[in-house]
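The values are calculated or read from the model by the stated rules, or taken from the named source; none is laboratory data. Source: prediction; values computed, not measured. Glycine gets a Cβ as well: all are built from the backbone with ideal geometry, and neighbour counts include every protein chain shown.
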Amino acid sequence: MKPTKPITLIAVLLFQSLLLVAQDARLQIDLTKNVNEIQPTMYGIFFEDINFAADGGLYAEMVKNRSFEFTIAPFMGWHQPKTNRYSLNEKSGMASVVKHKEGSGNKNFCRVTINDASGYELINEGFRGMGIKENAVYNVYLSALNKSGNISEITLQLITKNGDVLGETKIETSSANWKDYQAQITVSKTEEEAQLKLTFKGTGVIDLDMISMFPVDTWKGREKGLRKDLVQLLYDLKPGFLRFPGGCVVEGRTLERRYQWKKTVGDVEDRELLVNRWNTEFSHKAAPDYYQSFGIGFYEYFQLSEDLGAEPLPILGCGMACQFNTGELAPLEELDPYVQDAIDLIEFANGDATTTWGKLRTDMGHPEPFNLKYVGIGNEQWGPDYIDRYKIFAEKIKAQHPEIIIVSGSGPFPDGEQFEYGWKELKKLDAEIVDEHYYRPPQWFLENAGRYDDYDRNGPKVFAGEYAAHPKGVSDGNTENNWEAALSEAAFMTGLERNADVVVMTSYAPLMAHINAFQWAPDMIWFNNLESYGTANYQVQKLYSNNAGTHTVSLTQNGKNVIGSDGLYASAVKDVSTKTLIIKIANTSKSNKSLSFSVNGASLKRNATITTIENTDLKAYNDFDNPEKVSPKSSNIKVKRKAINVQIPQQSFSVVKIKI
Ligand code: AHR
């Protein structure tokens, strides 16, 4: 081989790699310009009980229909021996649902007649099964009343679909009055779709209610609490606020089926269950077994906000059922109870123990106020009917609580007649914060990264309350959370950040989805009965919220904001408490870029870090087998006192942090 050959090869490779690096872009950062405060609420989370996010998800209850209250089919989720598809095997025994307490949240119980204990079993299927882990301990609870006969013991077993027993416990029953029992099961083997089986000793009749099972290991170890892995994912986002309980569940398909916070507080077993409005909303994803037990009610939402260090942001119905369904209206002259609910909620959150609702909060275990500062009126209502109702709510709430900031809405779409009308009227009414929703294709997000640059600085502030890039449609599940969508959101969010003087709250939506029980996709977090992971979109949100900064600063290219020229989107903030300059760069192009930033207004320390999410495959997405396929990697870089040079890969999102 001639000695010149390797040299030629190296030269060619060098030339090729130079070609891959597109022409330098020179950008300018000025820490003395465009300096606006970024609200601590800038990046928050939107929680709605959609996709089994609460029951079957965050709420760690594993028994579905634990108190036999499912209104359409009170025995749903439970199984007992049958001789064929249509008839029960009554020779061994039979269970039936009995209505006992009208007017209470817990109306029904289950009456079990045992004729031959050896042939009878009562099985709960869980929420698409029950996820149980090897060596983990589970608390089981039930209420029982021995009505007649000699039933002396109930055996509770965790079984596989094939009937293999993975753990069991026994409860002795003898009381002729309702009595609560509790026991523990330790599990011998991990199983994603276990079931809970009850068998009986003796014959006779026994009444059962509130048959319930929770892992001992919940978030903060709270008994009957929340799923630890899911709350941890939320906690890691460091959210500035928690919006709850939705979403459309706020409104209900009819007014009767709206979310009423007063029915979600107090003793859990007395909370009146409601059919979840998402149960059959989408025929391709019907979930007739989807109910709201309100195990997570308003107390738990406030408590979760506190745990996360997030401002609570309850959204309340305004006397309008979902306009995509019935659009039923409470007449204006009958709006008082709805407004009163809002005023009472402020008392529940902030009042002391001498007030009615403050006392309830105290009795529930939280004497300190929850420091509620925001209330949202209506979810995504539109038109004059909304404005008429908003006006009444705003006047009455402000009259009693001028300190509360009211969030209003501009409808379900980011533009169009309804949106324009809503904004025009809300401006006239001096609304404080207006909620905007946009579920749009990734391209829309790229094209709208400058959306807020020209917003009126003297009008209401903006809450980007529900948004997500939708590559296709809801039925594709977790593949919808691909890198194309997440990168387009990252690019768009440079515009949210740059305009933090007018955009004061933002939240991706929806937050969570059960892989076997979802109605809507994409979603930020996916889970099954055992595991959970953050999507590419989650990783983008986390990079923003963990690097939010305290003030915007100017970042331009030739005097213009960086919005898509050559596929680049960028913004910068400083954090005055940590003395850090933070630059966000989305490169949506298919070429690597060598960028140089000149910095005015501060001198830079030598060492900096760059954290990058990249993937050349825009269809790439995280899943249970590869939960970190699209996730950030960090490295150190050196910078000059007044300049930063960084190599930005194609189709990537980066956060550069430098001490100043
Ligand atoms: O996030 C899913 C739904 O989208 C919300 O419930 C609703 O507000 C919006 O239409």
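Evaluate the range 419-436: report whether one residue or more is closer than 24 Å to Gln539 by Cα and of a type outside the set (Ser, Thr, Tyr). Yes, because at least one residue in the range 419-436 is closer than 24 Å to Gln539 by Cα and of a type outside the set (Ser, Thr, Tyr).
Taking the range 41-53 as the range and being within 13 Å of the ligand (Cβ to nearest atom), under 18 Å from Phe282 (Cβ atoms) and among the hydrophobic types (A, V, I, L, M, F, W, C) as the test, the residues that pass are Ile50, Ala53. The sole residue among Phe370, Phe393 that is more than 16 Å from the ligand (Cβ to nearest atom), outside any helix (DSSP H, G or I) and touching a strand residue (DSSP E or B) at 6+ places or on another chain (Cβ under 8 Å) is Phe370. For Pro369, the criteria (1) within 18 Å of Tyr299 (Cβ to Cβ); (2) touching an Asp or Glu at 6+ places or on another chain (Cβ under 7 Å) hold in every case but one, which is (2). Within the range 209-221, not a single residue is farther than 23 Å from Ser152 by Cα and over 24 Å from the mean Cα position of the chain (by Cα).
Within the range 644-660, how many residues turn out to be closer than 10 Å to Arg606 by Cα and either in the same structural domain as Ser545 (by TED's automatic domain parsing) or outside any loop (DSSP other than H, G, I, E, B) (or both)? Residues meeting the conditions: 3.
Rundown of residues vs (1) under 22 Å from Asn106 (Cβ atoms); (2) of a type outside the set (S, T, N, Q); (3) within 16 Å of the ligand (Cβ to nearest atom); (4) surrounded by 20 or more Cβ atoms within 10 Å (Cβ to Cβ), yes/no style:
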{"position": "Glu281", "(1), (2), (3), (4)": "no, yes, yes, no"}
{"position": "Ala287", "(1), (2), (3), (4)": "no, yes, yes, yes"}
{"position": "Tyr291", "(1), (2), (3), (4)": "yes, yes, no, yes"}
{"position": "Gly295", "(1), (2), (3), (4)": "yes, yes, no, yes"}
{"position": "Ile315", "(1), (2), (3), (4)": "no, yes, yes, yes"}
{"position": "Tyr338", "(1), (2), (3), (4)": "no, yes, no, yes"}
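Residue-by-condition table, conditions (1) touching a residue at least 60 places away in the same chain (Cβ under 8 Å); (2) basic (Lys, Arg); (3) within 16 Å of the ligand (Cβ to nearest atom); (4) assigned to a loop (DSSP other than H, G, I, E, B):
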{"site": "Pro239", "(1), (2), (3), (4)": "yes, no, no, yes"}
{"site": "Arg253", "(1), (2), (3), (4)": "yes, yes, yes, yes"}
{"site": "Tyr259", "(1), (2), (3), (4)": "no, no, yes, yes"}
{"site": "Lys263", "(1), (2), (3), (4)": "yes, yes, no, no"}
{"site": "Glu269", "(1), (2), (3), (4)": "yes, no, no, no"}
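Search the range 402-427 for residues that are touching a residue at least 60 places away in the same chain (Cβ under 8 Å) and pair each with any residue that is away from the ligand (no atom under 15 Å from the Cβ) and in a loop (DSSP other than H, G, I, E, B) when their beta-carbon atoms are under 6 Å apart and the residues are at least 6 apart or on different chains. Pairs found: none.
Note on the range 475-520: residues that are in contact with a helix residue (DSSP H, G or I) (Cβ under 7 Å, 6 or more places away or on another chain), of a type in the set (Gly, Ala, Ser) and surrounded by 24 or more Cβ atoms within 10 Å (Cβ to Cβ) amount to 5. Can you find a residue that is within 13 Å of the ligand (Cβ to nearest atom) and either surrounded by 24 or more Cβ atoms within 10 Å (Cβ to Cβ) or not assigned by TED's automatic domain parsing to the domain that holds Trp483 (or both) anywhere in the range 529-545? No, because not a single residue in the range 529-545 is within 13 Å of the ligand (Cβ to nearest atom) and either surrounded by 24 or more Cβ atoms within 10 Å (Cβ to Cβ) or not assigned by TED's automatic domain parsing to the domain that holds Trp483 (or both).
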